[in-house]
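The values are calculated or read from the model by the stated rules, or taken from the named source; none is laboratory data. Fair warning: this is a prediction, and the values are worked out from it, not measured in the lab. Heads up, the Cβs are rebuilt from the backbone with ideal geometry, glycines too, and the neighbour counts pull from every protein chain shown.
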Amino acid sequence: MGGIVGRDESQKALMQETKLEAKIIEAVRKREAQGSSMKSFNSIILKFPKIDESFRKCKTTFEEFDEDGNGSIEPQELKHCFRKLETKFTDEEIDDLFEACDINEDMRIKFNEFIVLLCLVCLLKEYPTAEQDVSRKSQRGMPNLEATFETLVDSFVFLDKNRDGYVSRNEMVHAINETTTGERSSGRIAMKRFEEMDWDKNGMVNFKEFLFAFTRWVGIEDMDDEEGEGNM
């Protein structure tokens, strides 16, 4: 076990965190201190339909902030979006979020990237506690992602066994083995799921990578592809 931990630690030492990534990891670790209610990877899979439904309800909000109607949100549109939502982020922080979620590096936020961005905003900002404040923000178009976001964080916490803010390959294998005890295919399943999450191939999965994988797992990227074909 010590060898496994050692390899994970050495991989983390090679990674360079941006200021935003450091904030995300810090926020995730604070949440991880509360533990997870998830009992198995299957319990996460069972949440897929409800999460998919919640994500798709954000489409109207996305279209509202896509001011020129080109199917994506540009940097200035995102800043307008944040002002309408009255979130307390500086222009620099908004730019950092945009860059972090623009995985295609085309200076456009697609719908799946918008979902991830909203989840990161939920993680980094404090939710209003007064019902009136919540109602006011809902009227401005902010989707009620809080319950879905909590499910996503809960799922990540379940996978991150050592509570360090990252999911390693070994932790993924452990999580899958808990679900598929005795099945010979469990190792292959774990590796496939891990590779789907580890898009930068550095051997460690952070919360943002996990969110992008989740959008694919519930079919959000397929939704974008279908709409793209319809517009051709």
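Which residues, taken from the range 169-199, are under 27 Å from ARG56 (Cβ atoms), outside any helix (DSSP H, G or I) and at pLDDT below 90? Once the filter is applied, which keeps residues that are under 27 Å from ARG56 (Cβ atoms), outside any helix (DSSP H, G or I) and at pLDDT below 90, the range 169-199 yields only TRP199.
In summary, LYS50 fulfils each of the numbered conditions (1) under 24 Å from ASP106 (Cβ atoms); (2) out of contact with any Leu (no Cβ under 8 Å at 6 or more places or on another chain) with the single exception of condition (1). Candidates in the range 50-92 are the residues that are on the phi > 0 side of the Ramachandran plot and modelled with pLDDT of 90 or more; of these, the one that is surrounded by the fewest Cβ atoms within 10 Å (Cβ to Cβ) is GLY69. In the range 13-33, of all residues being assigned to a loop (DSSP other than H, G, I, E, B) and without any contact (Cβ under 8 Å) to a residue 12 or more places away in the chain, the one that is farthest from the chain's Cα centre (by Cα) corresponds to GLN16. Pairing residues of the range 43-61 that are more than 30 Å from HIS80 (Cα to Cα) with residues that are surrounded by 15 or more Cβ atoms within 10 Å (Cβ to Cβ) and among the β-branched types (Val, Ile, Thr), at Cβ distances under 6 Å and at least 6 apart in sequence or on separate chains, gives LYS47/THR151; PHE48/VAL218.
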